[in-house]
1. I'd like the full set of residues that are within 14 Å of another protein chain (Cβ to nearest Cβ) and aliphatic (A, V, I, L, M), limited to the range C:131-173.
2. Scan D:Pro165, D:Pro141 and give me the residue that is more than 15 Å from D:Leu346 (Cα to Cα) and either of a type in the set (S, T, N, Q) or in contact (Cβ under 8 Å) with a residue 12 or more places away in the chain (or both).
3. Which one is farthest from C:Thr137 (Cα to Cα), of the residues in the range D:448-464 that are open to solvent by 10 Å² or more (accessible area, probe 1.4 Å) and more than 8 Å from chain C (Cβ to nearest Cβ)?
4. Just give me the residues in the range D:291-327 being in a helix (DSSP H, G or I), under 25 Å from the mean Cα position of the chain (by Cα) and within 14 Å of chain C (Cβ to nearest Cβ), in sequence order.
5. Do any helices (runs of 4 or more DSSP H) lying entirely in the range C:95-181 carry at least 1 residues that are under 21 Å from D:Gly410 (Cα atoms) and in contact with a Gly (Cβ under 6 Å, 6 or more places away or on another chain), and which ones are they?
6. Please state which one of A:Arg85, A:Arg124 is crowded, with 23+ Cβ neighbours inside 10 Å, out of contact with any His (no Cβ under 7 Å at 6 or more places or on another chain) and more than 7 Å from chain B (Cβ to nearest Cβ).
7. Go through the range D:465-490 and give me each residue that's more than 9 Å from chain A (Cβ to nearest Cβ), among the β-branched types (Val, Ile, Thr) and closer than 21 Å to C:Thr100 by Cα.
8. Is it the case that D:Thr173 is part of a helix (DSSP H, G or I) and not assigned by TED's automatic domain parsing to the domain that holds D:Gly241?
Amino acid sequence: MSVVTLTIDGKLVSARAGDTILTAAREAGIDIPTLCYVDGLSAHGGCRICLVEIAGSPRLQPACFMKVGEGMEVQTDTERLRGYRRTIVELLFAEGNHVCSVCVANGGCELQDMAITVGMDHDRFDYIHPKREVDLSHERFGIDHNRCILCTRCIRACDELEGAHTWDMAGRGSHSKVITDLNEPWGESQTCTSCGKCFMACPTGSIFQKGDTVAETDHPRAKLEFLVNAREKKQWNV
Amino acid sequence: MERLRLATLWLGGCSGCHMSFLDLDEWLIELAQLADIVYSPLIDVKVFPANVDVTLVEGAVANEDHFQLIQVVRANSRVLVSFGDCAVTGNVTAMRNSLGGALPILERSYLELADVHKQIPNDTSVVPRLLDRVLPVHRVVPVDFFLPGCPPPAARIRTVLENIVQGKPPHLEGRDLKFG
Amino acid sequence: MKAFVAEPRRRKTTAALPMTNGDPRFEQLEIAMKRYQFRQDALIEVLHAAQKLFGFLDAPTLHFVAHHLKLPPSRVQGVATFYHLFTLTPRGRHTCVVCTGTACYVKGADALLSTVSRAAGIADGQTTADGELTLRTVRCLEPCGIAPVAVLDGIVKGHETPESLLEQVKGWLPRGTDGSA
Amino acid sequence: MELTDLLDIAAKERQARLPHTIRCCTAAGCLSAGSGAVLDRLRGAVHDEGLTERVGVAAVGCLRLCCQGPLVRVDSPVASGGGEGAGITEELYQRVTPDDAGSIVAGFKGGTVTANKGDLKSPFFQLQASVILENSGRVEPERIETYIAAEGYQSLHRVLRNFTPAEVVEEMTRSGLRGRGGAAYPTGVKWATVAKNPGEKKYVVCNADEGDPGAFMNRSVLESDPHRVLEGMAIAGYAIGANQGYIYVRGEYPLAVQRLHTAIAQAGRLGLLGSHIFSSPFDFRIDLRTGAGAFVCGEETALMASIMGQRGTPTPRPPYPAEHGLWGMPTLLNNVETYANVPTILRRGADWFASIGTEKSKGTKVFCLTGKVVNTGLVEVPLGTPLRKIVHDIGGGAPEGGTIKAVQTGGPSGGCIPAELFDTPVEYDSLAKLGSIMGSGGMIVLDDKNNMVDVARYFMQFCMDESCGKCVPCRAGTVQLHRLLTRILEGRAGAEDVQQLEALCDVVKHTSLCGLGQAAPNPTLSTLRFFRHEYEALLKPGSPAQRMGLPLVSASQPR
């Protein structure tokens, strides 16, 4: 396996060729914020939170996707990037109906935490207040589309780990919506195995366990990586 | 040192932020030595006074009264602080916005869900007219500082007030910025 | 011999799905899929074929496609709802398509759209309650030389004005709205 | 199929030509103006008048002056002497009705021609070039023989016989051709990259998902001269080592789809596509994929997803299609017009091609001139032609005493160039300097009645509706930009809203995943740059509340 060296935020880092900038940075103790990325699932590249600057490249690149290169100089935390990240988080809050105070994931929500990370004390954009549905037809879980940030983690977890591909994205643009089967009630899905991996993956309170009330939902997100290690490396990291 | 003229305002919110303000407990006594509370739901002043140094606004702008009052408040306040999630984001107060206007929410509340006396209250001298959309305060008038939380914990309120009293921007960071 | 083997097999697969209801169009759809050897990457071509046969894509049709291409239903639904040309609801007996391309826009497409929309009481993409008229917009049909353009029941009409367009769709409007007797 | 067979077909086709040819445009623009009935009448009249030995009727492609459709051209031998090579006189008829068509035919027997005569000597025709459109309006798109008679497929033969793949790539590089889809990447370099990347299979893809509203160059080429594109793709396939090509064509172009189907079938029957082309070891097959209405599918990674039957959502680049394209294999993606240049470049040589245009922008480009201008239609000019020449000389300026204010180029990813800057030569770099792009070739002329903020909002709405929704800045950012522009237009905005508009444009431009989002702010930024006063004229002072008044209450709410 070949190794490349690069600098991330001025720090000299060595990484396996083929690693992403995100992996290399995190192994070197440099945290790049992420939202649609989750350990154990393929990268998506949609949230744009992990964008980094690469010297000599006019374009910002998502750290979750971009592979390391020899001699690469990466900046992960510039003034410009911080400004962009805050704007993106504001756009997300304005786009859905994120009411932290009455959310099952209050205190355990990656979007809420991201607002703190980027220092968002208020949202400069118009709240759209879309009219979205809540599907409570599944016997164990519910999905509140108001809180969905369309990160596709549930889709990827269901497809890549469970293999059922119950979830997918329907519609497009601001009318996008995650669906089960032919946009049927989740409880009537022919493909769902009720395994709960979508619930594990969800960054917000969108997919939740029935019975959980405000601030009670705790998504066991690390379970996804545990499963991947168990399945692929035969390592049960308990 | 000149005493601070402090006001608190209660618009479309649950008064939880004011309850949290009262949770400042004994620090309230210290505050009382630095500031006069010149307008507040906690005191009996009917008209918003002039030359207020700092106003904490709880709640979102949800009806015509709020809309007019906040403009008066802004004109007479040196520093305006959005106090709590409803003022900052609209929060629970603004959840009705996804129903698409004032009339649908009134019909839902007073006609569809009512068992007896189905009637939308229509005496505007008693009930101000609702705005079609509930707005965070900064969408209506310029706001200087934001104090999120539902409600903001007392310690967070204290951080902000202490800084303002000292003439500094109320620097919130980390978990002190948490919504909800 | 070959035909003898192929025949019952097709019957069997179609019959295995109760929602086909013996509609012969499902057999035609299956033939279309066969042309692509049931390849999953032909999904969009298959959906085009299905829409041509049925006029729109309802749940049984999408389920049928998913079943035969061995694709997850959510994926088929996701693709069908991504593209503008696919419709999941039946269209009206008549359609009025207003082009909103740039050339039409600078020559007043907005007024065409709002006029028909107001007269028929429906928004873009909707069908009147009596199922007579569907109003749609399209992003540039490209006969920009004769902008603004509308397409009435498949016939392209150029150099339209709100008045001339209204005159032409008058007969398709629901009773009691602008243009009806 | 050998070269002799090809030349045979060409010779037969030329011999069969009658002294007079009536060419009737059957591209979509003229068809929608009624050229189908005109064609039927022409054919009927020739038959009825007993002129079938003297007058041929050809269903050809675009004759360029779309605003005057249906268009008909009549070629006749020069009166004196006649015979082969004696020259041909051409006549153009415009806005031809079926009755006019009958009279044109009757004219051969001395009858009065009632059809409106067009002016082929006008600047619209005289100032144009013919490289990409050299066959448009001449060959019959549904008859491969006419393309072969116009020296079609000879470049493919030459390449297979006389060139190594590397030499083809070299020729393309020397020609200086740059991608005509909008990104202007040097074509030769792209071909070289795909040729070098290892892969057990490679693909050639033709991007015919022409989505820019007001741009129909590709449609016109596909409807008028489809074989040119097939030949270009086959040459590309040979150059990079691919045996499979895909044409991804917009679903809104049924006629182009149908003509491509016909063309592919005809080329296959003659052995010009398929196995052992011209008895060489080279195999090349082309399949059609029809889009279904998604602008974002013009983006190359989204287009490939769509070819593979998926939602047309883009993926981050790198990896580029050249190394990781369709099914993970090296894939060459070029625009219709890029491929359409290839046979001509190989026929007439890279040096000839490089002599046209400017230092950095070689060759010609087809533009669609539309909007507030007298002559709307298809315009091919050498790159570097000043905008003024296109708009005022070829386009004939503003109609009905209006004043031209700007030209919008590059569609929803482009910008507006004000009339003061019409001396700008139209080439990649000069337009980029003005904050616009050449894009695929749409040119929409705006006059003083068009408010530029409204124009900006129009394009923003387009991008908002066409956003695939995958990345946040494009999905949610365009919605907010659209709201800001609407607020400005409705007179509810203050100076701080314009500030926010600019700041958000910057975010969307730099953080979006694909070209759609990255370019979505361009029309707004360019109108802010050149027409800021139109924004400022709409701004109101005071707090947001004062600007709102109180329009927030339902009228129907009880008082």
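The values are calculated or read from the model by the stated rules, or taken from the named source; none is laboratory data. Only a predicted model underlies this, so the values are computations on that prediction, with no experimental measurement involved. Cβ atoms come from the backbone with ideal geometry, glycine included; neighbour counts cover every protein chain shown. These accessible areas exclude ligands, DNA and RNA; they are computed on the full protein's heavy atoms, side chains included. Shrake-Rupley method; radii C 1.70, N 1.55, O 1.52, S 1.80 Å.
1. Within the range C:131-173, the subset within 14 Å of another protein chain (Cβ to nearest Cβ) is C:136-160.
Within the range C:131-173, C:Val138, C:Leu141, C:Ile146, C:Ala147, C:Val149, C:Ala150, C:Val151, C:Leu152, C:Ile155, C:Val156 meet the criteria.
2. Working: D:Pro165 fails: more than 15 Å from D:Leu346 (Cα to Cα).
Every option except D:Pro141 fails the conditions.
3. To start, the set of residues in the range D:448-464 that are open to solvent by 10 Å² or more (accessible area, probe 1.4 Å) comprises D:448-451, D:454, D:457-458, D:461, D:464.
This time we only want the ones that are more than 8 Å from chain C (Cβ to nearest Cβ), so: D:448-449, D:451, D:454, D:457, D:461, D:464.
Working: D:Asp448: 26, D:Lys449: 24, D:Asn451: 22, D:Asp454: 19, D:Arg457: 17, D:Gln461: 13, D:Met464: 15 Å.
Per the criteria, the residue is D:Asp448.
4. Start the filter on the range D:291-327 by keeping residues that are in a helix (DSSP H, G or I), which leaves D:295-298, D:300-307, D:326-327.
Going one step further and asking which of them are under 25 Å from the mean Cα position of the chain (by Cα), we end up with D:295-298, D:300-307, D:326.
Matches in the range D:291-327: D:Phe295, D:Val296, D:Cys297, D:Gly298, D:Ala302, D:Leu303, D:Met304, D:Ala305, D:Ser306, D:Ile307, D:Leu326.
5. Details: elements: C:102-106, C:109-120, C:162-169.
Ranges flagged: C:102-106.
6. Numbers: A:Arg124 fails: crowded, with 23+ Cβ neighbours inside 10 Å.
Testing whether each residue is crowded, with 23+ Cβ neighbours inside 10 Å, out of contact with any His (no Cβ under 7 Å at 6 or more places or on another chain) and more than 7 Å from chain B (Cβ to nearest Cβ) leaves just A:Arg85.
7. Looking only at the range D:465-490, we keep the residues that are more than 9 Å from chain A (Cβ to nearest Cβ), and these are D:481-482, D:485-486, D:488-490.
Still in the list and also among the β-branched types (Val, Ile, Thr): D:486, D:488.
Once the filter is applied, which keeps residues that are more than 9 Å from chain A (Cβ to nearest Cβ), among the β-branched types (Val, Ile, Thr) and closer than 21 Å to C:Thr100 by Cα, the range D:465-490 yields only D:Thr486.
8. Working: part of a helix (DSSP H, G or I): yes; not assigned by TED's automatic domain parsing to the domain that holds D:Gly241: no.
For D:Thr173, the condition - part of a helix (DSSP H, G or I) and not assigned by TED's automatic domain parsing to the domain that holds D:Gly241 - is not met.
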